[in-house]
1. Within segment 97-115, is even one residue open to solvent by less than 70 Å² (accessible area, probe 1.4 Å), part of a loop (DSSP other than H, G, I, E, B), closer than 20 Å to residue 9 by Cβ and of a type in the set (A, V, I, L, M, F, W, C)?
2. Within segment 70-84, does at least one residue satisfy the condition of being in contact with an Asp or Glu (Cβ under 6 Å, 6 or more places away or on another chain) and closer than 21 Å to residue 142 by Cβ?
3. Any residue in segment 57-75 that is at negative phi and in contact (Cβ under 8 Å) with a residue 24 or more places away in the chain sitting within a Cβ distance under 7 Å of a residue that is of a type in the set (S, T, N, Q) and assigned to a helix (DSSP H, G or I)? List the pairs, counting only those 6 or more apart or interchain.
4. Do you know which residues across segment 54-96 are touching a Phe, Trp or Tyr at 6+ places or on another chain (Cβ under 9 Å) and among the charged types (D, E, K, R)?
5. Pairs, please: C-beta under 6 Å, at least 6 apart or cross-chain, first residue of a type in the set (A, V, I, L, M, F, W, C) and in segment 1-27, second at pLDDT below 85 and part of a strand (DSSP E or B)?
6. Against the conditions (1) in contact with a helix residue (DSSP H, G or I) (Cβ under 8 Å, 6 or more places away or on another chain); (2) more than 27 Å from residue 78 (Cα to Cα); (3) at pLDDT 85 or above; (4) of a type in the set (Asp, Glu), where does residue 122 fall short? Just the number, please.
7. Identify, please: which residue in segment 22-66 is open to solvent by 60 Å² or more (accessible area, probe 1.4 Å), touching a helix residue (DSSP H, G or I) at 6+ places or on another chain (Cβ under 9 Å) and among the acidic types (Asp, Glu) and is, among those, nearest to residue 128 (Cα to Cα)?
8. Determine, yes or no, whether residue 78 is closer than 11 Å to residue 12 by Cα, small (Gly, Ala, Ser) and in contact (Cβ under 8 Å) with a residue 60 or more places away in the chain.
Amino acid sequence: AAGPAVPLVSLAILPFRNVSGDPRLDWLGESLAGMLSTDVGQSSHFRTVPPDRLHQTLQDLHVAASSTVDDTTLKRVAEFTSAETLVWGQYAQLGSQVRIDATLRELKTGRTVTLKAEAPSEKDLLGAVDRLAQAIRESLALDPELVEELKRQSLRPSSRSFQALRRYNEGLALGRQGKY
């Protein structure tokens, strides 16, 4: 006999907003969202909304990456992506340090969790993303066994070169614009 059905949980990670005032760091917003989407992990009971689908949804809703998201926008994104949980946030570079502030909200319960990660420098940013992904997994209202499965299924970039990841994400953005 099969056990009780476990509902599918869906997470949408929105592009992060650059609050540092340095437009050279704008590229990092979508990159953080994409890296977190794969780093959080997937399972048969949990999925993240693919970055391309989320990008199209935000474009359809006329939400710019630099926008501050409000409750109405969050609800519309959730409706269009079938996500029950959303993560969004901002980042800033202060000297060489990069700080990432994120918010996780479960729409059904209204539960909100504030998360943060810091990297002493850009070269340490991938470690900060890993720590933030772990904090997201731990903040989800999921069975501990499912959280462990997500951790095992998470994908991390094969490159530890931050410049390589930046160029890769720039290529993805050009591809979404039809510039191959």
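1. yes
2. So far as segment 70-84 goes, no, none of its residues is in contact with an Asp or Glu (Cβ under 6 Å, 6 or more places away or on another chain) and closer than 21 Å to residue 142 by Cβ.
3. Within 7 Å, the pairs are 57/81.
4. Residue satisfying the conditions is 60 alone.
5. If the second residue must be at pLDDT below 85 and part of a strand (DSSP E or B), the pairs left are 9/46.
6. Here residue 122 meets the rest and fails (3).
7. Among them, the one singled out is 30.
8. Judged against the criteria, residue 78 is a match.
The values are calculated or read from the model by the stated rules, or taken from the named source; none is laboratory data. On a predicted model such as this, the values are computed, not experimentally measured, just so you know. Ideal geometry is used to build each Cβ from the backbone, glycine not excepted, and the neighbour counts take in all protein chains shown. The accessibility values were calculated without ligands, DNA or RNA, using every heavy atom of the protein model including side chains. Shrake-Rupley method; radii C 1.70, N 1.55, O 1.52, S 1.80 Å.
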